[in-house]
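What follows is a set of notes on a single structure, which appears directly below.
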Amino acid sequence: MEKILVVDDEPFICENLQRILEEEQYRTVIAPRGQTALDLLQEQAIDLVFLDLNLPDISGLEVLKKIKEWSPDLLVIIMTGYASVESAVEALKLGAYDYIKKPFKADVIKLIVKLALETQSLKREVHYLKKQHDGLWGDQTIIAESPLFLEVLNQIQEVAKHPDATVLITGETGTGKELMALSIHHSGLRSHRPFLAINCAALPENLLESELFGYESGAFTGAKGRKIGLFETAIGGTIFLDEMAEMNLGLQSKLLRVLEDKKIRRLGGTQLLEVDFRIIAATNQDLKEAVKKKRFREDLFYRLHMIPIHLPPLRQRPEDVVALTKYFLLEYARKYIRPFKGITDEAQKLLLAYGWPGNVRELRHVIERICIMHNAELLQVSHLPKELTNEFRATDQRSRPFDLPIPPEGINLEEVLDQVAAHLIKKVMHLTDRNISQAAKLLGIPRGTLRYKLEKYED
């Protein structure tokens with residue numbers, strides 16, 4: 001529901017406007033003075049302003065200047081009983097959306113508000129489309145053919161329908177956690193509002209807090225003016241907190257309070273400000289383990305863990321290795337004007353055998369490097385970096401028929417088989433990040449059997 005601020009010192013005008021606007025299901029806030037209006041704009045998210053030019057304390061034009069200085073995109077409709085061409089022109093020059101003369105009719109107010117809010121929505125949409133055209137999301141296509149990742153995309157589509165739900169995305173480095181957060185944002189009801197990302201590990205503790213909460217002038221040495229933080233800037237939108245596990249315990253406590261109360265206080269400030277945004281957090285660490293080690297607050301973990309989404313590593317998604325390779329190959333062939341059209345079977349075999357510790361990010365960089373350094377129609381084995389071919393040779397050596405020398409005294413077959421089984425189970429459990437269902441499937445045994453063998457071999 002849009003919130004509209006009415007700035008006028010005449011009670012009759014305010015009451016009349018409030019009645020008209022609330023009939024149309026808009027929330028209304030009243031300010032009888034210019035300074036009151038400016039204070040409210042600092043405390044609340046406002047979608048539209050009706051501003052009288054003749055106020056008892058500050059000129060309406062001065063209030064308009066301040067509004068445009070703080071929020072250039074906020075639409076302001078000027079109203080006065082003493083209309084003149086000069087004041088109208090001056091207000092429009094300062095950025096007013098429109099100008100109406102008192103007294104006004106209800107139908108006129110309803111129409112101008114409808115048009116103003118549609119204009120606001122269109123401006124945001126144009127801004128978003130311009131970002132797309134400029135290529136901000138140009139390299140952010142989601143490629144998925146593996147059942148594992150298709151299931152993740154189904155989860156994301158469901159989560160996007162619930163704009164207030166907090167999401168925790170986990171997965172190894174390079175699996176695409178920010179891309180998934182963007183997908184949730186752009187598929188949901190908050191898509192017309194900002195998506196702001198911040199890396200919690202990239203900033204010192206004090207700087208991260210000021211970036212999130214903002215600060216007032218004089219809050220600390222060097223704070224020469226007011227700064228609006230991401231919590232305010234993202235009102236109505238989404239904040240993506242990457243590498244969440246790196247946030248210090250003190251700031252975790254403050255974040256928990258924000259999530260529970262939906263209010264913030266700028267550093268050095270005294271007023272509580274209402275905020276509204278979705279938090280999507282991400283980490284490549286085990287937060288449950290961090291909770292056990294007292295490095296992460298348990299209450300914040302469960303607050304963030306409302307909807308957990310785990311991104312499987314690329315080594316568990318062979319179908320996606322092939323699909324992503326083909327996609328990146330064509331993308332970078334166009335970029336670097338190369339004739340690449342496909343991959344040889346031998347090269348594809350090596351790509352599938354490699355473990356991809358850097359996941360999708362590593363695969364992208366490998367293919368881009370190939371397109372820069374080579375000029376051919378098919379990606380060949382000779383184009384691949386040494387780390388891929390070396391690992392394949394090592395894997396191939398390990399995959400040769402098992403050759404165990406038999407000593408004269410013989411062997412204990414049960415012990416040997418147990419050693420081999422324990423080694424394979426350990427390897428598969430690591431490969432699947434200890435996912436019982438996936439590991440049992442790869443080993444070709446029931447989950448109950450796998451659990452029994454885990455208990456047996458891990459003693």
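FYI, it's all coordinate maths here, none of it is from the lab. Note that the coordinates shown come from a computational prediction; the quantities given were computed from them, not determined experimentally. As a convention, Cβ positions derive from the backbone with ideal geometry for all residues, glycine included, and neighbour counts pool all protein chains shown.
Couple of notes before you dig in:
- Projecting the Cα atoms of 251, 280, 241 onto the charge dipole of segment 229-286, computed from C-beta unit charges around the Cα centre, puts 251 farthest toward the positive end.
- Computed magnitude of the charge dipole of segment 72-124 (debye, nearest 20; Cβ of K, R +1, Cβ of D, E -1): 180
- Amide H contacts of residue 263 (H built 1.01 Å from N, in plane; Pro and chain starts excluded): 275 sit under 5 Å, all sequence-distant by 5 or more or on other chains.
- Tail fraction, Cα-Cα pairs, segment 1-100, threshold 22 Å, whole percent: 21
- Total charge dipole magnitude, the chain, about the Cα centre, Cβ charges on Lys, Arg, Asp, Glu only, Debye to nearest 20: 560
- Ellipsoid semi-axes in whole angstrom, largest first, where each is sqrt(5λ) of the Cα gyration tensor of segment 229-283: 18, 14, 9
- Taking the charge dipole of the chain about its Cα centre, with +1 at Lys and Arg Cβ atoms and -1 at Asp and Glu Cβ atoms, the residue from 13, 440, 332 reaching farthest to the positive side is 332.
- Each Lys and Arg adds +1 at its Cβ and each Asp and Glu adds -1 at its Cβ; summed about the Cα centre, segment 153-270 shows a dipole of about 560 debye.
- Segment 138-262 - Rg (one decimal) and Dmax (whole number), Cα, Å: 16.3, 54
- Efficiency of FRET from Cβ geometry, residue 433 and residue 198, R₀ 30 Å, rounded to 0.05: 0.70
- The H on the amide N of residue 310, modeled in the peptide plane, is under 5 Å from the matching H of 170, each at least 5 residues off or on a different chain.
- Based on the reciprocal of the average 1/r between different C-alpha atoms, the Kirkwood radius for the chain equals 26.8 Å.
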